[in-house]
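Just below is one structure, and these are the notes that go with it.
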Amino acid sequence: MNPRRHDRWSGKILEHESRPIRTRANDDVDKAARREDILEAARSLFLQDSRQLPSVARIAEKARLAKGTVYTYFTTKEEIFAALLADSLDAVLALLAQGLGGAQPSLDTLIEAFVSYIEAHPEVSRLDAMAYQLERNLSPEAMHTHKLRATMGLVAGGGLLEAALGLPAGRGVKVLSRIYALTRGLWQWLDYPPEMREVLSEPVFAPIRPDFREELVEALNEYVRGATAP
């Protein structure tokens, strides 16, 4: 039953729909689901305002969890967003494994899948642009875990690339690292804030506001095909 309360201004009795705070998870499945709820809430809030990281209190409210429950999964808000970045790397590696799993891997398919993922998840690139600030606020233990996970993922992805395309050992990691640097650079160049986009809408500014997707696809094709050529 919904509780009833008085409107202090009109004196009317209003129906108030409560949003119950959920209790803590009791098993691994529930814990994994709660973790995803926290990450999705953080992602949603960050997309609304990417100028700063939302507080743990706001994330907890969005996820309909007690603030203390969030702290059983993550020590700080920075850890939450570091986890979002790490999960995005896992997703990219899954795309890579899927694309390289066939008898004849297609670079066109790989590039298209990667660009589509980046385009569908703008929070990843915006968070990555804040990585220095985010990482410096992690504890040494959290920083070690975060960097180790990223390194192991990069090495695994590089190995997939080497095996599928016949590249020498170590070359795959270099190719993926440069793909990351290229993508990050283009995003930071073209992710103009709203007020800047309005100014740059004039035709004279067309040379410095190319379409991000088109620019990234072209740049990746030029680099990857050259870097992986026999």
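The table for this structure:
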{"read-out": "Filter result (more than 12 Å from Leu84 (Cα to Cα) and within 12 Å of the chain's Cα centre (by Cα)) within segment 123-156", "value": "Ala129, Met130"}
{"read-out": "Condition met for Arg178 (modelled with pLDDT of 95 or more and at negative phi)", "value": "yes"}
{"read-out": "Any hit, segment 81-90, residues being in the same structural domain as Ala164 (by TED's automatic domain parsing) and touching a Gly at 6+ places or on another chain (Cβ under 7 Å)", "value": "yes"}
{"read-out": "Flag for Thr69 being outside the structural domain of Arg171 (by TED's automatic domain parsing) and either of a type in the set (S, T, N, Q) or more than 20 Å from Phe46 (Cβ to Cβ) (or both)", "value": "yes"}
{"read-out": "Scope segment 91-141; condition part of a helix (DSSP H, G or I) and in contact with a Ser or Thr (Cβ under 7 Å, 6 or more places away or on another chain); matching residues", "value": "Gly99, Ile118, Val124, Arg126"}
{"read-out": "Residue that is nearest to the chain's Cα centre (by Cα), among those in segment 53-62 that are of a type in the set (Gly, Ala, Ser) and more than 21 Å from Tyr132 (Cβ to Cβ)", "value": "Ala60"}
{"read-out": "Near pairs, Cβ below 7 angstrom, 6+ apart or cross-chain, from segment 31-52 (closer than 22 Å to Tyr132 by Cα) to any residue that is basic (Lys, Arg) and assigned to a helix (DSSP H, G or I)", "value": "Ser44/Lys62; Leu45/Arg58; Leu45/Lys62; Ser50/Arg126"}
{"read-out": "Per-region count, segment 187-229, residues of a type in the set (Gly, Ala, Ser) and either in a helix (DSSP H, G or I) or surrounded by 12 or more Cβ atoms within 10 Å (Cβ to Cβ) (or both)", "value": "4"}
{"read-out": "Meets criteria (exposed (fewer than 12 other Cβ atoms within 10 Å of the Cβ), modelled with pLDDT under 95 and over 25 Å from Arg225 (Cβ atoms)) for Arg136", "value": "yes"}
{"read-out": "Meets criteria (in contact (Cβ under 8 Å) with a residue 60 or more places away in the chain and not hydrophobic (A, V, I, L, M, F, W, C)) for Asp211", "value": "no"}
{"read-out": "Residue that is within 15 Å of Phe114 (Cβ to Cβ) and among the basic types (Lys, Arg), where the choices are Arg178, Arg171, Arg149", "value": "Arg178"}
{"read-out": "Qualifying residues in segment 79-109 (those that are hydroxyl-bearing (Ser, Thr, Tyr) and within 21 Å of Arg225 (Cβ to Cβ)) - the one modelled with the lowest pLDDT", "value": "Ser106"}
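The values are calculated or read from the model by the stated rules, or taken from the named source; none is laboratory data. Source: prediction; values computed, not measured. As a convention, Cβ positions derive from the backbone with ideal geometry for all residues, glycine included, and neighbour counts pool all protein chains shown.
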